[in-house]
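Okay, so here's the structure we're looking at.
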Amino acid sequence: MWWGTAIEAPDPGGLARFYAELLGWHLGHEEPGTAVVAASPHGPFFVFQQAEGYRPPVWPPVEGEQRPMMHFDFQVGDLDSAVAEAVALGATVAEFQPQENVRVLFDPAGHPFCLCLDEG
């Protein structure tokens, strides 16, 4: 069973609060160097861990730079309003956008994530 995902960050608490607000999840635990966000008391969980010397990934990938190792995809009903909400919380919109129905953004630590239009 999948329990959750650990994400490195220069400010675990700040990044946890960003994703808690973005997803409507709750901050379940915070201590120095670690913060946990959960969809429910039973998960899934995002665990944000302190990373010394953290370098944000570059999108799109550039030779010799820190590559994205993974990213989150979140399905949304209204792409424009979801982007506006994410930006208001501290995200930035990537310059390169590969698809019309997807927006690539960066969280406050520079991790890329995608907002994907639910076209169903």
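Worth pointing out:
- Considering the conditions (1) assigned to a loop (DSSP other than H, G, I, E, B); (2) in contact (Cβ under 8 Å) with a residue 24 or more places away in the chain; (3) more than 19 Å from residue 24 (Cα to Cα), residue 95 is excluded by exactly one of them, (2).
- A single entry from 88, 20 fulfils the requirement of being loosely packed, with under 15 Cβ neighbours inside 10 Å and not in a loop (DSSP other than H, G, I, E, B): 88.
- Hey, residue 24 at pLDDT 95 or above and farther than 18 Å from residue 103 by Cβ or not: yes
- In segment 98-120, residue nearest to residue 50 (Cα to Cα) [restricted to those that are in contact (Cβ under 8 Å) with a residue 24 or more places away in the chain and of a type in the set (D, E, K, R)]: 107
- Set 93, 87, 37, 83: member being among the β-branched types (Val, Ile, Thr), under 14 Å from the mean Cα position of the chain (by Cα) and outside the structural domain of residue 114 (by TED's automatic domain parsing): 37
- Scanning segment 23-59 for residues that are in contact (Cβ under 8 Å) with a residue 24 or more places away in the chain and within 15 Å of residue 110 (Cβ to Cβ), we see that the one that is surrounded by the fewest Cβ atoms within 10 Å (Cβ to Cβ) is 54.
The values are calculated or read from the model by the stated rules, or taken from the named source; none is laboratory data. It should be emphasised that the depicted structure is a prediction, and the values quoted were computed from it without experimental measurement. Quick reminder, even Gly has a Cβ in these numbers, built from the backbone with ideal geometry, and neighbours come from all protein chains shown.
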